[in-house]
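First up is the structure itself, then whatever we jot down about it.
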Amino acid sequence: MNTNTGSTPPSFDERLRAARDRQGLESAAKPEDARNGEPGDWGASPLGVGLRLGLELATALFLAIAIGWGLDRVFHTRPLFLVLFIPLGGAAGVLNIWRIYRPRPDRRAD
């Protein structure tokens with residue numbers, strides 16, 4: 001079963017590559033649109049990007065509304081803090097989206 005004729009056993013990478021070849025998974029291991037784990041890479045599916053954008057904005061707005069409502073409840077100033085924090089939450093959501101998906105300068109390999 002061991003095709004290696006030398007005294008050292010095959011490395012893990014060699015065995016993994018051979019197993020992927022046997023299963024026909026080598027082409028699926030490196031899809032063209034795979035992300036490399038860095039934020040801002042546009043290799044993700046459009047659905048994933050849209051969900052991420054919506055979630056960032058909705059989360060910031062939800063937290064701002066919760067904070068505004070809580071402060072209004074504590075200080076008995078019904079709409080004041082809620083009205084103040086809604087635009088701040090929207091701005092925070094847009095800023096989060098911009099930080100994640102802003103254009104990146106080309107990275108040069110030194």
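Every read-out reported here was derived from the displayed coordinates using simple, explicitly stated rules and does not represent laboratory data. No experiment lies behind these values; they were computed from the predicted model shown. Because the Cβ atoms are built from the backbone with ideal geometry, glycine has one as well, and the counts that use them run over all protein chains shown.
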For this session: Subtracting the Cα-Cα distance from 0.36 nm times the residue separation, let me have the gained length for residue 25 to residue 52 in nm, one decimal.
Result: 6.8 nm
Problem set entry | Integer Hz, Karplus 6.51/-1.76/1.60 couplings in order for segment 10-15, x for Gly and Pro | x, 6, 4, 4, 5, 5
Seminar exercise, completed: FRET efficiency (residue 11, residue 106; Cβ distance; R0 41 Å; to 0.05) is 0.75
Exercise. Scaled to the compact-protein estimate 2.2 N^0.38 Å, what is the alpha-carbon radius of gyration of segment 43-101, rounded to two decimal places?
Worked result: 1.35
